Amino acid sequence: MEIILSGDIVNSTNVKPQVYLSILEKWIIKHSKDQQYSIYRGDSFQLVVAQPAKALSVIIELKSALKRIKTLDVKLAIGLGGIDFKNAITSKSNGTAFIRSGRALDAIENKKQNIILSSDHPLDTYMNSNLKLAGILMDSWSINSAETVYEALINPKVNQTQLGELLGIKQATASRRLERAYWTEIQELILLFEQFYKDVSHGAID
């Protein structure tokens, strides 16, 4: 199963477009499959994820990158399914993954959560409950927490001492920031999503 991410930058009008676009473009080029992505209306986007099982980690990377800027955040919908027709511009592509991702993003306001998924699999309810709870924790990140999580995600092999050096802070400070950001729980959720993807792909409904 492929994964399509559809998203909107939150509070984009509060900062200059180049501020969030520089973050978004770097992230989307890094994680899109064969550069299949679209950025439209300035603050909305869609991409085919290069490593579907890692989609939640990819999402949290963007969320933490944006939340380093005061007021910025992101709403994201994860669509799992097939792709019937591929185009370099994702808005011209089609398939169940695109349909599910788009519809989930349209419904995100009513669900009152910033990360939501749709695969039409019975496990969706279970995973969405976890995403809703995790979203509440991540929405509360301070700029320092977001910055620390971001560096931890893009430098997965560094220890906390090295992480502190990257941030220009002491190891103990880095550790406290990660604890306040619920880093251990986030890592557990990332692994849970990877298992969810495997389970859903195994019994794919398309």
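The values are calculated or read from the model by the stated rules, or taken from the named source; none is laboratory data. Owing to the predicted nature of the structure, the values given are computational and were not obtained by experimental measurement. All Cβ positions, even for glycine, are placed from backbone atoms using ideal geometry, and neighbour counts span all protein chains on display. Quick note on the areas: whole protein, heavy atoms, side chains included, nothing else; ligands and nucleic acids left out. Shrake-Rupley method; radii C 1.70, N 1.55, O 1.52, S 1.80 Å.
Test Arg100 against the stated conditions and say whether it is assigned to a loop (DSSP other than H, G, I, E, B) and among the charged types (D, E, K, R). Even if it seems obvious, please write down each step before you answer.
Details: assigned to a loop (DSSP other than H, G, I, E, B): no; among the charged types (D, E, K, R): yes.
No: the conditions fail for Arg100.
Here's the yes/no breakdown for (1) of a type outside the set (Gly, Ala, Ser); (2) without any contact (Cβ under 8 Å) to a residue 40 or more places away in the chain; (3) closer than 26 Å to Leu167 by Cβ; (4) in contact with a Ser or Thr (Cβ under 8 Å, 6 or more places away or on another chain):
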site: Leu21; (1), (2), (3), (4): yes, yes, yes, no
site: Glu25; (1), (2), (3), (4): yes, yes, yes, no
site: His31; (1), (2), (3), (4): yes, yes, yes, no
site: Lys54; (1), (2), (3), (4): yes, no, yes, no
site: Ala65; (1), (2), (3), (4): no, no, yes, no
site: Ala77; (1), (2), (3), (4): no, no, no, yes
site: Phe98; (1), (2), (3), (4): yes, no, no, yes
site: Ala107; (1), (2), (3), (4): no, yes, no, no
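Can we say Thr184 is over 23 Å from the mean Cα position of the chain (by Cα), of a type outside the set (Lys, Arg) and part of a helix (DSSP H, G or I)?
On the way: over 23 Å from the mean Cα position of the chain (by Cα): no; of a type outside the set (Lys, Arg): yes; part of a helix (DSSP H, G or I): yes.
Criteria not met by Thr184.
Please go through (1) within 23 Å of Asn155 (Cα to Cα); (2) open to solvent by less than 50 Å² (accessible area, probe 1.4 Å) for Gly102 and return the number of the only condition it doesn't satisfy.
Among (1) within 23 Å of Asn155 (Cα to Cα); (2) open to solvent by less than 50 Å² (accessible area, probe 1.4 Å), Gly102 violates only (1).
Taking Tyr20 as meeting all but one of (1) more than 24 Å from Ile190 (Cα to Cα); (2) open to solvent by 20 Å² or more (accessible area, probe 1.4 Å), write down the number of the exception.
For Tyr20, the exception is condition (2).
What's the total number of residues in the stretch 36-78 that are part of a loop (DSSP other than H, G, I, E, B), open to solvent by 40 Å² or more (accessible area, probe 1.4 Å) and either hydroxyl-bearing (Ser, Thr, Tyr) or under 18 Å from Thr13 (Cα atoms) (or both)?
Let us first name the residues in the stretch 36-78 that are part of a loop (DSSP other than H, G, I, E, B), namely 41-43, 50-51, 67-72.
Filter once more, keeping what is open to solvent by 40 Å² or more (accessible area, probe 1.4 Å): 41, 50-51, 68-71.
Next, from what is left, pick out any that are either hydroxyl-bearing (Ser, Thr, Tyr) or under 18 Å from Thr13 (Cα atoms) (or both): 41, 68-71.
Adding up the residues that qualify gives 5.
With the condition kept exactly as written, say whether any residue in the stretch 151-161 is in contact (Cβ under 8 Å) with a residue 60 or more places away in the chain, in a helix (DSSP H, G or I), among the hydrophobic types (A, V, I, L, M, F, W, C) and touching an Asp or Glu at 6+ places or on another chain (Cβ under 8 Å).
yes
Exactly one of these conditions fails for Ala181: (1) at pLDDT below 95; (2) surrounded by 20 or more Cβ atoms within 10 Å (Cβ to Cβ). Give me its number.
Result: Ala181 passes all but (1).
For the stretch 1-30, how many residues meet the condition of being over 23 Å from Phe193 (Cα atoms), of a type outside the set (Gly, Ala, Ser) and either in contact with a strand residue (DSSP E or B) (Cβ under 8 Å, 6 or more places away or on another chain) or part of a helix (DSSP H, G or I) (or both)? Full working, then the answer.
Going residue by residue through the stretch 1-30, those that are over 23 Å from Phe193 (Cα atoms) are 10-23, 25-26.
Now restrict to residues that are of a type outside the set (Gly, Ala, Ser): 10-11, 13-21, 23, 25-26.
Okay, now just the ones that are also either in contact with a strand residue (DSSP E or B) (Cβ under 8 Å, 6 or more places away or on another chain) or part of a helix (DSSP H, G or I) (or both), so 10-11, 13-14, 17-21, 23, 25-26.
Counting residues in the stretch 1-30 that are over 23 Å from Phe193 (Cα atoms), of a type outside the set (Gly, Ala, Ser) and either in contact with a strand residue (DSSP E or B) (Cβ under 8 Å, 6 or more places away or on another chain) or part of a helix (DSSP H, G or I) (or both) gives 12.
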